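Here's the structure, in structure tokens; my notes come after.
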Amino acid sequence: MKDPRLLLTDLSRIQAQTRRHFLGWGTGGLGAFFLNAAMTEDARADGPQTLNFARDPATPLSVLPPPFRARAKRVIYLHMGGAPSQLDLFDYKPVLARFHGHDCPQSFLKGKRFAFISGIPKLLGPQFPFRQAGRNGTWISDRMPHLERRLDELCLVKSMKTDQFNHAPAQLLVHTGDPRTGHASLGSWVTYGLGSENQNLPGFIVLVSSGGITANAGKPLWGSGFLPSVYQGVQCRSAGEPVLYLDNPKDVSRAQRRQVLDAVDEINRQTHVQFGNPETVARIAQYEMAFRMQLEASDAMDIRRESPAVLERYGAEPGKTSYANNCLVARRLAERGVRFIQLYHWGWDSHGTPTDEGVNVGLVNRCRETDQPTAALLADLKARGLLEDTLVVWGGEFGRTPMWENRGGQEMAFIGRDHHPSAFTIWMAGGGVKAGLVHGQTDDMGYEIVQDPVEVRDLHATMLYLLGFDHQALKYPYQGLDQKLTGVKPARIIPQLLA
Amino acid sequence: MTGRISAWAYAAGVLLVTGCGIAAAMALRPGFAATVRQVTGLEPARIAAPDSFYTVRVAPLFDRHCAGCHGARAAKGQLRLDSFAAVWRGGRHGDVLGKDGELYRRITLPQSDEKAMPPDGKPPLSKDELTVIRLWLADGARGDVPAATVKDAPRLVLPVTIPQMNPQDVARQRAPLADELARLQKRYPGLIAYESLASADLQVNAMLAGKRFGDADLQALLPLAARIVRLDLSGTAVTDAAPLSGLRAVTHLRLAGTGLTGAVAPALDGMAALKVLTVTGTNIAPESLAGLRRRGVTIHGEGDDGA
Amino acid sequence: MAPDREADTKPAAILVWDAPTRLFHWSLVALVFVSWLSADQGYMTVHLLSGLTLLALLLFRLAWGFFGSTTARFGDFLHAPPRVLRYLRGRGQRLHAGHNPAGGAMVMVLIAVLLAQAVTGLFATDSLHFTGPLALLVSEDASLRLTTLHGTIFNLILLLVWLHVVAVGFYLLVKGDNLIRPMVTGRKPASHVPDGLRLVFTHPVIAVLLLAVSIALVTALFFWGTT
């Protein structure tokens, strides 16, 4: 006979079921029923395979093997917020230099929308000397002397395009595959799909430099959107407490903290027995992870543990918030099995309005801040054998115009370029990408792509492929649609970029 | 009731008129003419050689970009591009080939043109793909020119195909070690995982266990040796006496930050499958790895790391 | 030779085809031609309109086959296949006020095939400039298959039209029986009509009503499919 006490629990559980629970379960159940039917249909139709991302709610970040062999196991994404000028860094245009100062041809302006340019702007040639480097004589501007020495490891894509010409939507598109908020970021998708190796650290860590300015779109850039919140990016700081509110309050020992946690866990467990909501288990798991992180995160973030030689190579200075420090932390996190490490360095929005937004001032400073650490990160990853299975991506959200920005028809105080969604340059390195490659080509003015255009969704599809995923199969049902990072438009894996 | 003619005369008349009608239709409708010629065998069936430039380079482009609407499923404009014979037959208005023919004209129209192909915002053919088709047309759209002899053709870029897996095959491959793996995964949670859903190969990430992982633990993993292909021992407590040579399937080995010395070299030499080795931050002298280097093993982190 | 008095009183030509049937016949001829021409030249709006009109007319004709005048009724000209064969072999009754058994079969086949053509057209699409009013109700694959069928049936129609014209020509030139003029005037020479036949003609208002219903049906179908 059944224990009467158990019957009582059953009763209380039934009583705890609200109308919303029931409806939620009901529609969920029906949805599952339908999905099941739809999935068998899928399998028969030889479509993308249906993957099972179900995990024990207590370990939402547990590792799931990718559907097929991954060439990259983790990602370090270096986002250069504000959109660096490809024309002054990578996309060398001697013809544009020749037409420097001429009126922009009408054909460039017809049917185009600009953020600020109005009337007839002047053409603006490359602002820095370019030189050829690397085995293949790839052109690069003299603003990136350190990266120049790593050119043979880079896979440059000069034919990136986007359909957004304002920062926030364009950044969202690059990060979440959609220009609107509410979608899951690349890092969330990857940790959702693969989990994270190190259960003592978040699987998706965000590091922000440039005076704490993230980027225009803010935190949704690393949000989990419709995916469970446990897959959102966790912002860590490279100076002071790595994760805010993680440390014990003053005069509270780790043992006391443990006692508190045990008590909270017990209450949560009772709640779970009563209501059976898996989110409660996830909550317990998150408290426990936070407790473990107290030790591991401090260690992972602490660049004082690096040798002075290493600090010098990165140009890192312990105690500061800098891109250099973040690069070094990124390497430490990669070593510790963190799945997705996202760096933000804002300040590339070279309109030429205030001092720090000129191609001749701001861009120079940003290069000075980032060139050495970026190159050092690549070298360091390579030396540690990590570059083989770490995918490093560098890029902004769009490109910049070959025209000198003339906001309101005025000449700018500093040299500036407007937003340009039609062509920009990004690069990738490491995990399965073809090293020493230049993919795609823009016209002589660097205005439009003339060969091998790569859409943002193509880049995403390629990245997911490198991580062992079919972008069509990495999906999550939400609002009646199988949501995908690459959206509903057809995305292409770019074969040329693969090693 | 006058003016009657005989049935035979009428039949002859009908034949004549019908014949003239068909002839007129053939003259006005080259597509119809081509069909009639092919159906009646007036024109030999065209077949492209399996190694021809058409079969190797052009046909896949037609398949990918065109055959959805110009193929077995639908033949818009009565044009099919899913076989060499059909390509030569042409569409409603006849021949589409030729250097300045309808086919090349339509695929090179600006996308804004409503006659541009492929239509409806489907991705246009890339510059290289257009070059392939232009070369083929310029050479007479032949089906017997071997692909290898077309020198100016852009490099062949094959679209990436998603590897398909067969769950039964994978399960079969995994079966022999499945119990052992389950036991060891319980003992070392989070350290051992399949490389992918489609594989029975394993990767071991002992780095996560740090100094708690030593020679004895590596020894415990040896029953899985046949399937361990990636092994990360970074920062673990393994010593030069670690049973490394037993890990015969490992291709990628990371030893970064361990206390290993050159004395581990013979064990490493015994790892027949080894391809990539990382020794950053160890005391393994570069000269002790000479044997591996001769074998073509990539070694990271010898001597000074980075720079 | 004294003229036969009876033959004198008997009219030289007798009305056999009512106006609606004749109008239907020649409208059909015109619409089939317009449909072909418009599709061929890519005037898809014209094609859509002529196709829908065709469909409405065919529906009307089906109804007229039950409620129309004697010679328009299916019961008058539809015969079992053996009887048709017997007629074609030259046996059986030779004189018919309306369609002879072979002609009746031809009418039925033409109506069926044209109906099939009109219906497949509703679901057809070229995925570009034209989408049939009901095309979105079925899967894209089904729509494409029906589009292909639409093309095949057209060839069948060509063949049937050819057969139809050749047969009428045969009657005219070989048998000396002009079937075309009665289809215009409605009257057949009395000698070509069996004696003592009572033909009943339905009031044209009924025809107008039936046509209105058919048009309404097709219009409703169009709006139901497209909205």
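Give the number of residues within segment B:271-288 that are part of a loop (DSSP other than H, G, I, E, B) and either surrounded by 15 or more Cβ atoms within 10 Å (Cβ to Cβ) or modelled with pLDDT of 90 or more (or both).
Qualifying residue count for the region: 10.
Give the residue that is nearest to the other protein chains (Cβ to nearest Cβ), with candidates limited to residues of segment B:243-253 that are under 35 Å from the mean Cα position of the chain (by Cα) and in a loop (DSSP other than H, G, I, E, B).
Checking each candidate, the answer is B:THR251.
Only one residue in A:ALA334, A:ALA309 is free of Cβ contacts under 8 Å to residues at least 60 places away in the same chain and either surrounded by fewer than 24 Cβ atoms within 10 Å (Cβ to Cβ) or on the phi < 0 side of the Ramachandran plot (or both). Which one?
Answer to the selection: A:ALA309.
Quick check: is even one residue across segment A:169-180 within 14 Å of another protein chain (Cβ to nearest Cβ) and surrounded by fewer than 21 Cβ atoms within 10 Å (Cβ to Cβ)?
No, that holds for no residue.
Residues that are modelled with pLDDT of 95 or more and in contact with a His (Cβ under 9 Å, 6 or more places away or on another chain): find the strands (runs of 3 or more DSSP E) completely inside segment A:91-184 holding 1 or more of those.
Of the strands (runs of 3 or more DSSP E) lying wholly inside segment A:91-184, those with at least 1 residues that are modelled with pLDDT of 95 or more and in contact with a His (Cβ under 9 Å, 6 or more places away or on another chain) span A:154-161.
Restricting to segment A:56-81, name every residue that is crowded, with 17+ Cβ neighbours inside 10 Å, basic (Lys, Arg) and either more than 12 Å from chain B (Cβ to nearest Cβ) or assigned to a loop (DSSP other than H, G, I, E, B) (or both).
A:ARG71, A:LYS73 - these are the residues of segment A:56-81 that are crowded, with 17+ Cβ neighbours inside 10 Å, basic (Lys, Arg) and either more than 12 Å from chain B (Cβ to nearest Cβ) or assigned to a loop (DSSP other than H, G, I, E, B) (or both).
Kindly evaluate C:LEU122 against the criterion of being assigned to a helix (DSSP H, G or I), surrounded by fewer than 19 Cβ atoms within 10 Å (Cβ to Cβ), more than 14 Å from chain B (Cβ to nearest Cβ) and touching a residue at least 60 places away in the same chain (Cβ under 8 Å).
So C:LEU122 fails the test.
A quick yes/no check of all residues on (1) of a type in the set (Gly, Ala, Ser); (2) under 39 Å from the mean Cα position of the chain (by Cα):
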| residue | (1), (2) |
| --- | --- |
| B:ALA12 | yes, no |
| B:ARG46 | no, yes |
| B:CYS69 | no, yes |
| B:GLY90 | yes, yes |
| B:ILE107 | no, yes |
| B:SER112 | yes, yes |
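Do you know which residues across segment B:156-185 are at the interface with chain A (Cβ under 9 Å from one of its Cβ atoms) and in contact with a helix residue (DSSP H, G or I) (Cβ under 9 Å, 6 or more places away or on another chain)?
Result: B:VAL157, B:LEU158, B:PRO159, B:VAL160, B:ILE162.
Identify all residues within segment A:479-499 that are closer than 22 Å to A:VAL392 by Cβ, in a loop (DSSP other than H, G, I, E, B) and at the interface with chain B (Cβ under 10 Å from one of its Cβ atoms); write none if there are none.
A:ARG492, A:ILE493, A:ILE494
Taking into account only those residues within segment C:142-196 that are within 14 Å of chain B (Cβ to nearest Cβ) and of a type in the set (D, E, K, R), which is farthest from C:VAL107 (Cα to Cα)?
Across segment C:142-196, the extreme among qualifying residues is C:ARG145.
How many of the residues making up segment B:116-144 are farther than 18 Å from B:GLY98 by Cα and of a type in the set (Lys, Arg)?
2
Working only within segment B:189-242, note down all residues that are more than 14 Å from chain A (Cβ to nearest Cβ) and assigned to a loop (DSSP other than H, G, I, E, B).
Result: B:GLY214, B:ALA225, B:ALA226, B:ALA237, B:VAL238, B:THR239, B:ASP240, B:ALA241, B:ALA242.
If I ask for residues that are within 26 Å of the chain's Cα centre (by Cα) and either among the aliphatic types (A, V, I, L, M) or surrounded by fewer than 20 Cβ atoms within 10 Å (Cβ to Cβ) (or both), which ones from segment A:423-445 would you list? Steps first, please.
If we filter segment A:423-445 for residues that are within 26 Å of the chain's Cα centre (by Cα), which is where we start, we get A:423-442.
The answer is A:ALA423, A:ILE426, A:MET428, A:ALA429, A:VAL433, A:LYS434, A:ALA435, A:GLY436, A:LEU437, A:VAL438, A:GLN441.
Please go through segment A:187-197 and give me each residue that is touching a strand residue (DSSP E or B) at 6+ places or on another chain (Cβ under 7 Å) and under 12 Å from A:MET463 (Cβ atoms), ordered by number.
A:GLY187, A:VAL190
Just one of (1) farther than 21 Å from C:ASP40 by Cα; (2) in a loop (DSSP other than H, G, I, E, B) trips up C:PRO133, so point out which.
Unmet condition: (1).
Search segment C:126-141 for residues being of a type outside the set (Ser, Thr, Tyr) and more than 10 Å from chain B (Cβ to nearest Cβ), and hand back the single one that is surrounded by the most Cβ atoms within 10 Å (Cβ to Cβ). Walk me through it before giving the result.
At the first step, the residues of segment C:126-141 found to be of a type outside the set (Ser, Thr, Tyr) are C:126, C:128-130, C:132-138, C:140-141.
From what is left, the residues that are more than 10 Å from chain B (Cβ to nearest Cβ) are C:130, C:132-138.
Numbers: C:PHE130: 17, C:GLY132: 26, C:PRO133: 21, C:LEU134: 19, C:ALA135: 23, C:LEU136: 14, C:LEU137: 14, C:VAL138: 16.
Among those that are of a type outside the set (Ser, Thr, Tyr) and more than 10 Å from chain B (Cβ to nearest Cβ), it is C:GLY132.
Name the helices (runs of 4 or more DSSP H) wholly inside segment B:23-99 in which the number of residues that are among the charged types (D, E, K, R) and surrounded by fewer than 16 Cβ atoms within 10 Å (Cβ to Cβ) is 2 or more.
Of the helices (runs of 4 or more DSSP H) lying wholly inside segment B:23-99, those with at least 2 residues that are among the charged types (D, E, K, R) and surrounded by fewer than 16 Cβ atoms within 10 Å (Cβ to Cβ) span B:59-65.
Condition check: over 26 Å from the mean Cα position of the chain (by Cα) and free of Cβ contacts under 8 Å to residues at least 60 places away in the same chain. Does A:GLU448 satisfy that? So that I can check it myself, show each step before the final result.
Details: over 26 Å from the mean Cα position of the chain (by Cα): no; free of Cβ contacts under 8 Å to residues at least 60 places away in the same chain: yes.
No, not satisfied.
For B:ALA256, work out the one condition from (1) more than 9 Å from every other protein chain (Cβ to nearest Cβ); (2) in a loop (DSSP other than H, G, I, E, B) it doesn't fulfil.
Condition not satisfied by B:ALA256: (1).
Being more than 14 Å from every other protein chain (Cβ to nearest Cβ), surrounded by fewer than 19 Cβ atoms within 10 Å (Cβ to Cβ) and not acidic (Asp, Glu) is true for just one of B:LYS151, B:LYS127, B:LYS122. Which residue is that?
Going through B:LYS151, B:LYS127, B:LYS122 in turn, just one is more than 14 Å from every other protein chain (Cβ to nearest Cβ), surrounded by fewer than 19 Cβ atoms within 10 Å (Cβ to Cβ) and not acidic (Asp, Glu): B:LYS151.
Starting from residues that are within 14 Å of chain A (Cβ to nearest Cβ) and over 40 Å from the mean Cα position of the chain (by Cα), keep the ones in segment B:275-292 and report whichever is nearest to B:THR261 (Cα to Cα). Before you say what the answer is, go through the steps one by one.
In the first step, residues of segment B:275-292 are kept if they are within 14 Å of chain A (Cβ to nearest Cβ); the result is B:275-282, B:284, B:286, B:289, B:292.
The next check asks that each one be over 40 Å from the mean Cα position of the chain (by Cα); those that pass are B:282, B:284.
Values: B:THR282: 7, B:ILE284: 4 Å.
That would be B:ILE284.
The values are calculated or read from the model by the stated rules, or taken from the named source; none is laboratory data. These numbers come from a predicted model, not from an experiment. Here the Cβ is made from the backbone with ideal geometry for all residues, glycine too, and neighbour counts use every protein chain on show.
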